[in-house]
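Student: Submitted below is the structure of interest, expressed as structure tokens.
Coordinate-derived values only; no laboratory data. The structure displayed is predicted, hence computed values, not measured ones. In this analysis, Cβ positions are derived from the backbone assuming ideal geometry, glycine residues included, and neighbour counts consider all displayed protein chains.
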Amino acid sequence: MAKVKGDVIIDIDVCKGCLLCVDVCPTKTLAPGTKVNQKGYIYVVKVNDDCTGCTNCSTICPDAAITVYREKINK
Amino acid sequence: MNDTLHLAENLVYKRPKTLINVAMHYCPGCGHSTTHKILCEVIDELNIQSEVIGVAPVGCSVIAYDYLNIDMQEAAHGRASAVATGIKRVLPEKLVFSYQGDGDLAAIGTAETLHTCNRGENILIIFINNAIYGMTGGQMAPTTLENMKSTTTPFGRNVRKMGYPIKMTDLVATLPGTYYVTRQSVHTPANVRKTKAAIKKAFEYQRLDRGTCFIEVVSNCPSNWKMTPVDSNKWLVENMLPFYSLGDLKVPSKEEN
Amino acid sequence: MGELKLMKGNEAIAEAAIRAGADAYFGYPITPQSEVLEYLANEAEKRTGMVILQAESEVAAINMVYGAGGTGKKVMTTSSSPGISLMQEGLSYIACAEIPCLLVNVVRGGPGLGTIQPGQSDYLQATKGGGHGDYKLLVLAPNSIQEMVDFVKEGFDLAFKYRNPVLILTDGVLGQMMEKVELFDQIPRSKEIPSWATVGKPPNRERNILTSLNLQPELMEKHNEHLQAKYREIEKNEIRVETINCEGADYIFTSFGLTSRICIKAAQLAKEKGIKIGIIRPITVYPFPYETYAKYADKVKGFFDVEMNAGQMLEDVKLGVLGKAPIKFHGRMGGMVPTPDEVFHVFEEKFLGGKE
Ligand SMILES: Cc1ncc(C[n+]2csc(CCOP(=O)(O)OP(=O)(O)O)c2C)c(N)n1
Ligand code: SF4
Ligand code: SF4
Ligand code: SF4
Ligand SMILES: [Mg+2]
């Protein structure tokens, strides 16, 4: 069965910690972090490897802080 | 994690290249940012960077030109559509858009907006309706909902005293000069995709020279609504969308395309 | 020699605009200058492809000028006093964003809706800013239809030379009367694109931005300094003034535009009575020829300033004369035009009769 595997890279300098991505992630891969970036925002972090690369987060992200990869894996 | 995942061929989303690589000044979660982003995605995908000329308003998006890597002019408050008219009239082969807030487009610039649409200027007007004057700190906008609080309607907008929220998009849809009129939003991924598709269509229609394309984006203002971004989008669904219902108000008929 | 024609002032402006190779005109009807738009609507597009658009207001018109001018095209508008008042916001933005354009104010008597008869009561608005902020228009004040024609062409050149709005300050008489003019030959519309123009960003240059905003006060001050340096440059290079018989004159009559013609006639009446009158006529009212006044200030017995307003240029005349000679003023307002007899009579009364 073909499965998809995804990953996200968050540009922590651009993230404003609005959490809209957290709200729309079906796999709960994203969560509020604990560290503050240069602009003083608490940026989001990845908390699991379940990402499917659905792009919900990158689509809702106002600041285009998220890069998304997706790959089909044959098992 | 497998090692092939981050290959370029597996890239499914990255920051559009027309969006300049600086942090935007907008508040966290603001729909202005989202709309800038998808506008840049469209410019990239249609490969029209060298053809587009944008007009920024006065409002939170006054320095939109700091983020969009295209030629732009900054208009006086409310005059963006007149400025865009001037540009388009002398450069009819270029793709011209104005980007305006609700105070800009529907209060101080109402005359310019209606007459630009009525002349059927062959431009795109992107209208960010956040029901508030964002930039000046949360005063009543023409689009502020009935009973909605703002700094100048501290007890809620009393429509008998302060007038009714105005549906500019419905108004311009009645004008023969408009070609494509739609009301969209950017509060969910699906809605972001729809708004992006609308912007893309509008630029494609502009090449056909058929009239004004007008896209309202029902948006949020977490800062002046005094909510978190997530809550502001919930509030938008519960309060804005019942009044400003989403969807196309005017679409070109099939045979026209 | 160019084509000779008997033309009404407003139509001559329009004809000159077409011949100057103007790319676009945006305007709104108002007496006494509506013929400009009417003439252009008839003639322009078919002759040169010039864009002509009747806007919904002068507010819209000036902002269309902003937009179109920002593409580096030769763009103009015309109006009369109340309409020019509405354009002040746009002009301030245009001046700050350094967008070249040409304006004509066919002045009528004010304030308010005033009258449709001629006036010169927009002098201060034209020369001291008009809108908000420290900015200047380069202001040309013709006194004949020939000059109106020539200034349309030169006005565009100056606008582009300095990236600054240029205003032709004329009045309802010059707009409506007919005179013989020599028209310059058609200049083809330019295809040149200035480096700053917003025409779509090609891959090989940075984006162009036209804005009047800078949120950082340090940078906004820098921009202001740049504008001020430009105005000093304009003051150095562009002063134009006509002087007639000023050497050895007893008195100097001074006025701009239409009233200068009346003063020239009044000076002839004086000459018949043996009084030597010189004339100083500022042709650019910004930049103003202060030094011309200074030059004669200690040589004459007095200056007589005549205007169709309550004494607006008078403030500049005083700055030129700097108290070195008496200055008397005669003004008519509300659309009234002084006659040469009247001017001479008032002069006699104020300077020779000992009354006042
Ligand atoms: C002539 C003029 N009047 C008032 C203002 C002050 N002002 C700046 S932005 C603004 C309202 C902006 O609200 P909106 O258009 O809704 O944009 P938003 O910030 O909400 O995106 C006002 C009143 C101005 N800049 N110019
Ligand atoms: S791409 Fe989809 S699954 Fe992956 S983090 Fe983003 S929203 Fe979650
Ligand atoms: S949506 Fe974007 S800006 Fe907001 S928290 Fe997520 S990554 Fe950061
Ligand atoms: S004030 Fe409101 S509209 Fe302006 S950037 Fe902040 S959230 Fe957006
Ligand atoms: Mg708003």
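Student: In the structure displayed, which of A:Lys72/B:Lys201; B:Lys17/C:Lys201; B:Lys94/C:Lys161 lie more than 20 Å apart, Cα to Cα? Could the numbers behind the result be given before it?
Tutor: Numbers: A:Lys72/B:Lys201 31 Å; B:Lys17/C:Lys201 14 Å; B:Lys94/C:Lys161 26 Å.
Too far apart for the 20 Å limit: A:Lys72/B:Lys201; B:Lys94/C:Lys161.
Student: Just to confirm a number: summing +1 for Lys and Arg and -1 for Asp and Glu over residues other than B:Cys27 whose beta-carbon lies under 11 angstrom from that of B:Cys27, what do you get? Spell out each step's value before the answer.
Tutor: Numbers: positive: A:Lys16; negative: A:Asp63.
Charge balance near B:Cys27 sits at 0.
Student: With unit charges on the beta carbon (Lys/Arg positive, Asp/Glu negative), name the residue among B:Phe243, B:Leu105, B:Leu208 whose Cα is farthest towards the positive pole of the charge dipole of region B:28-256.
Tutor: B:Phe243
Student: Given +1 on the Cβ of Lys and Arg, -1 on the Cβ of Asp and Glu, and no further charges, what dipole in debye does region C:238-315 carry about its Cα centre, rounded to the nearest 20? Write out the running numbers ahead of the final one.
Tutor: Details: 10 positive and 10 negative charges, 66 e Å.
Roughly 320 debye for region C:238-315.
Student: If the elastic network links every pair of Cα atoms under 10 Å, which of B:Ala64, B:Ala82, B:Ala197 fluctuates the most in the Gaussian network model of chain B?
Tutor: Taking springs between Cα atoms under 10 Å, the residue moving most is B:Ala197.
Student: Also, I was wondering about something else. Anyone know which of B:Thr151, B:Thr143, B:Thr169 comes out most mobile in the 10 Å Cα GNM of chain B?
Tutor: So, out of B:Thr151, B:Thr143, B:Thr169, the one fluctuating most is B:Thr151.
Student: So who's got an amide H within less than 5 Å of the one on B:Ser50, skipping anything under 5 residues away but keeping other chains? H placed 1.01 Å off N, in plane.
Tutor: For B:Ser50, no residues qualify.
Student: Between region C:17-34 and region C:269-348, what's the alpha-carbon centroid distance in Å?
Tutor: Cα centres, region C:17-34 to region C:269-348: 32 Å.
Student: Using only atoms on other chains, find how many Cβ atoms lie within 10 Å of each Cβ of peptide B:5-17 and report the average.
Tutor: Details: counts 9, 5, 2, 1, 2, 9, 5, 11, 14, 7, 9, 1, 0.
Taking all residues of B:5-17 together, the mean is 6.
Student: A further question on this structure: Roughly how crowded by other chains is peptide C:208-216, in terms of the mean Cβ count from those chains within 10 Å of each of its Cβ atoms?
Tutor: 5
Student: Can you tell me the dipole magnitude for chain C around its Cα centre, using point charges on the Cβ only (Lys, Arg +1; Asp, Glu -1), in Debye to the nearest 20?
Tutor: On the way: 39 positive and 45 negative charges, 87 e Å.
With Lys and Arg at +1 and Asp and Glu at -1, about 420 debye.
Student: Follow-up question, since we're still on this one. Against the 2.2 N^0.38 Å scaling, with N counting residues, where does chain C land? I'd like the Cα-based Rg ratio to two decimal places. Intermediate results must be reported in sequence, preceding the final value.
Tutor: Details: Rg = 20.8 Å, N = 356, 2.2 N^0.38 = 20.5 Å.
Here the Cα radius of gyration is 1.01 times the empirical estimate.
Student: Just tell me how shielded C:55-62 is by partners: mean number of partner chain Cβ atoms within 10 Å of each residue's Cβ, no decimals. Write out the running numbers ahead of the final one.
Tutor: On the way: counts 7, 8, 4, 0, 8, 11, 2, 5.
The per-residue average across the peptide is 6.
Student: Arrange C:Val173, C:Val106 by Cβ neighbour counts within 10 Å, fewest through most, would you?
Tutor: Numbers: C:Val173 21, C:Val106 32.
Ascending number of Cβ neighbours within 10 Å: C:Val173, C:Val106.
Student: Now for a different question. Would you kindly give the portion of the calculated P(r) for chain B that falls above 26 Å, as a percent of all Cα pairs? Can you show the working numbers first?
Tutor: Working: 12070 of 32896 pairs.
So the pairs more than 26 Å apart make up 37 percent of the total in chain B.
Student: Per-residue counts of other Cβ atoms within 10 Å, averaged by peptide: what ranking do you get for B:84-90, C:242-248, C:118-124, highest first?
Tutor: Working: B:84-90: 28.6, C:242-248: 14.1, C:118-124: 25.3.
So the order, starting with the most tightly packed, is B:84-90, C:118-124, C:242-248.
Student: Based on the alpha-carbon set only, what is the convex hull volume of region C:1-47 divided per residue, in Å³? Provide the component values of the computation, followed by the final result.
Tutor: Details: hull volume 3.5 nm³, N = 47.
That works out to 75 Å³ per residue.
Student: Let me ask you something else. Mind sorting B:Cys213, C:Cys101, A:Cys51 by how few other Cβ atoms lie within 10 Å of their own Cβ, fewest first? The partial results should precede the final answer.
Tutor: Details: B:Cys213 28, C:Cys101 31, A:Cys51 23.
By the 10 Å Cβ count, ascending: A:Cys51, B:Cys213, C:Cys101.
Student: Compare B:Ile53, B:Ile199, B:Ile125 in a GNM of chain B, Cα atoms joined below 10 Å, and give the one with the largest fluctuation.
Tutor: For chain B, modelled as a Gaussian network with Cα springs under 10 Å, the answer is B:Ile53.
Student: What list do you get for C:Met7, C:Met313, B:Met135 if you sort them by fewest beta carbons within 10 Å? Don't jump to the answer; show the numbers that get you there.
Tutor: Working: C:Met7 23, C:Met313 26, B:Met135 19.
Listed from fewest to most nearby Cβ atoms, that is B:Met135, C:Met7, C:Met313.
Student: With +1 on each Lys and Arg Cβ and -1 on each Asp and Glu Cβ, how big is the dipole of the protein assembly as shown about its Cα centre, in debye rounded to the nearest 20? All intermediate terms of the calculation are to be shown ahead of the outcome.
Tutor: On the way: 75 positive and 77 negative charges, 274 e Å.
Charge dipole of the protein assembly as shown: 1320 debye, to the nearest 20.
Student: What GluC sites (Glu not before Pro) does region B:35-122 have in DSSP loop regions with at most 10 other beta carbons within 10 Å?
Tutor: On the way: sites: B:Glu41, B:Glu45, B:Glu51, B:Glu74, B:Glu93, B:Glu112, B:Glu121; in loops: B:Glu51, B:Glu93, B:Glu121.
Those that pass, being in a loop and sparsely packed, are B:Glu93.
Student: Could you pull out the pairs from C:Lys136/C:Lys236; C:Lys136/C:Lys324; B:Lys37/B:Lys226 whose alpha carbons sit more than 20 Å apart here? Don't skip to the answer; put the middle values down first.
Tutor: Working: C:Lys136/C:Lys236 14 Å; C:Lys136/C:Lys324 28 Å; B:Lys37/B:Lys226 24 Å.
Where the Cα-Cα span goes over 20 Å, the pairs concerned are C:Lys136/C:Lys324; B:Lys37/B:Lys226.
Student: Counting only Cα atoms, I'd like the Rg/Rh figure for region A:2-74, Kirkwood definition for Rh.
Tutor: Working: Rg = 12.1 Å, Rh = 12.2 Å.
Dividing the radius of gyration by the Kirkwood radius yields 0.99.
Student: What is the spread of the Cα atoms of the protein assembly as shown along each of their three principal axes, largest first, in whole Å?
Tutor: 114, 51, 50
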